[in-house]
1. So VAL381 fits all but one of (1) touching a His at 6+ places or on another chain (Cβ under 7 Å); (2) open to solvent by 10 Å² or more (accessible area, probe 1.4 Å); what number is the exception?
2. From the list LEU100, LEU83, LEU123, which residue is farther than 19 Å from ASP378 by Cα, modelled with pLDDT of 95 or more and under 20 Å from the mean Cα position of the chain (by Cα)?
3. Would you please name the residue that is nearest to PHE306 (Cα to Cα), looking only at residues in the range 252-275 that are of a type in the set (Val, Ile, Thr) and surrounded by fewer than 20 Cβ atoms within 10 Å (Cβ to Cβ)?
4. Please name all residue pairs, on different chains or six or more residues apart, with Cβ atoms under 9 Å, provided the first residue is in the range 306-333 and is farther than 20 Å from THR402 by Cβ and the second residue is open to solvent by 40 Å² or more (accessible area, probe 1.4 Å) and part of a helix (DSSP H, G or I).
5. All but one of (1) modelled with pLDDT of 95 or more; (2) surrounded by fewer than 24 Cβ atoms within 10 Å (Cβ to Cβ); (3) farther than 23 Å from ILE208 by Cβ hold for THR160; which doesn't?
6. Looking at the structure I just gave you, is ILE331 open to solvent by less than 20 Å² (accessible area, probe 1.4 Å), over 19 Å from LEU196 (Cα atoms) and β-branched (Val, Ile, Thr)?
7. For PHE183, work out the one condition from (1) hydrophobic (A, V, I, L, M, F, W, C); (2) buried (at least 24 other Cβ atoms within 10 Å of the Cβ); (3) closer than 24 Å to GLY80 by Cα it doesn't fulfil.
8. Would you mind stating whether ASP249 is open to solvent by less than 60 Å² (accessible area, probe 1.4 Å) and either more than 29 Å from ASP378 (Cβ to Cβ) or modelled with pLDDT of 90 or more (or both)?
Amino acid sequence: MVAASGLAPPRLAVSCPRAAGRGGGGGGGHHRVGFLRSATVASAGPAAAQLRCCASTVDDGVVSAAAVSKPRLPRVVGMGSKLIGCGSATPSLSVSNDDLSKIVETSDEWIAARTGIRNRRVLSGNETLRELSVQAAKKALEMAQVNADDVDLVLLCTSTPDDLFGGAAQVLAEVGCANAFGFDITAACSGFIIGLITATRFIKGGGIHNILVIGADALSQFVDWTDRGTCILFGDAAGAVLVQACSADEDGLLGFCVQSDGNGQKHLNCVSSHVESILSKTNGVPSFPPKKATFSNIEMNGKEVFRFAVRCVPQSIEKALEEAGLPASSIDWLLLHQANQRIIDAAASRLDIPSDKVISNLANYGNTSAASIPLALDEAVRAGKVKAGDVIAASGFGAGLTWGSAIVKWG
């Protein structure tokens, strides 16, 4: 379908949960599991455990010589983590609120007043999410001054991979990370925060040295472009950071908190659906072959998601700050998942953080899911706003329901 403006829609492809209890007593709400970081592992010293990474020789040409030729550093457990590079990439096509007003009944004023969004980027032509991920990763490596073959692990945080079986392996191959292992993390808009925390655990517990964490999503492919309640919200993008091992006393992850509640899934989802098989002969087996699976459009109860976010996000950040032993006044920057400006403003108000310490690029990109935090971080770093040593309170939240916060130091 092409609108009168000439703009073609992109390709289609709760009550807030109660705070988790810490013990068996008190509270009338249901129990929900949440995680806080355990006590800091002692600084790595002469007695620190060292694990040599395994290696094997492949003679059939499946693995290139570069993948096995370079000696790897010893793995030292108990190390800290620091963020030393970032990068981002967005599609070329920009879709404004005025453009959308020619497709659905809406207006720039209506969208901006309710969301803070003015524009969003969406994949078009031959663009792919993998390409955006590769571009973002290369920029992060360039800023960090780390060679691709020195990367040990690539975490691709996405709910919309180009391949259902995952995209991390393809991304790391195109970036040139010949010595790295990679896998996908699926946690929707919380994905990047969960990926970042996961990276630090691989460094602390597994002795990994360099990890690329990429947040990338293309939710425009799963939007109903006739539904003004959801089509105005989402955009596509990729962002990446390079997380590197450092001494434990220089650890840049000061505290974190991650939580989930599947009871809220009904408020935000993109469930699989099925179509009848075209086969007529089933050999008499009932309900065979299985119906072909596909995915429906994104469905969201905006009011319930808003209530969930404005209550649980500040609570999550407060728990992470408590673990870090820091007051909210120590935060240099508040960096939330870019979902809705009213959510961002409400969280800042709850934490008593002034607006000039809030990072927001929502107006230009919309909700880019797992990409939103690294995309905003990259812009802030390159603009000179975020500087080495700055303390950032970052929080992601979304489908699952999942949410998590990390107090990190940049550089």
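1. Only one criterion in (1) touching a His at 6+ places or on another chain (Cβ under 7 Å); (2) open to solvent by 10 Å² or more (accessible area, probe 1.4 Å) is unmet by VAL381, namely (1).
2. LEU123
3. Of the range 252-275, the ones of a type in the set (Val, Ile, Thr) are 258, 271, 275.
With the extra rule that they be surrounded by fewer than 20 Cβ atoms within 10 Å (Cβ to Cβ), the set shrinks to 271, 275.
Numbers: VAL271: 20, VAL275: 33 Å.
Among those residues, the one meeting the criterion is VAL271.
4. What qualifies is ALA328/GLU318; ILE331/LYS357; ASP332/LYS357; TRP333/LYS357.
5. Status for THR160: all satisfied but (1).
6. On the way: open to solvent by less than 20 Å² (accessible area, probe 1.4 Å): yes; over 19 Å from LEU196 (Cα atoms): no; β-branched (Val, Ile, Thr): yes.
The answer is no for ILE331.
7. PHE183 satisfies every listed condition except (2).
8. Against the criterion (open to solvent by less than 60 Å² (accessible area, probe 1.4 Å) and either more than 29 Å from ASP378 (Cβ to Cβ) or modelled with pLDDT of 90 or more (or both)), ASP249 does not qualify.
The values are calculated or read from the model by the stated rules, or taken from the named source; none is laboratory data. Model, not experiment: these values are computed from the prediction. Methodologically, a virtual Cβ is constructed for each residue, glycine included, from the backbone with ideal geometry; neighbour enumeration extends over all protein chains shown. The area values use the complete protein model at the heavy-atom level, side chains included, leaving out ligands, DNA and RNA. Shrake-Rupley method; radii C 1.70, N 1.55, O 1.52, S 1.80 Å.
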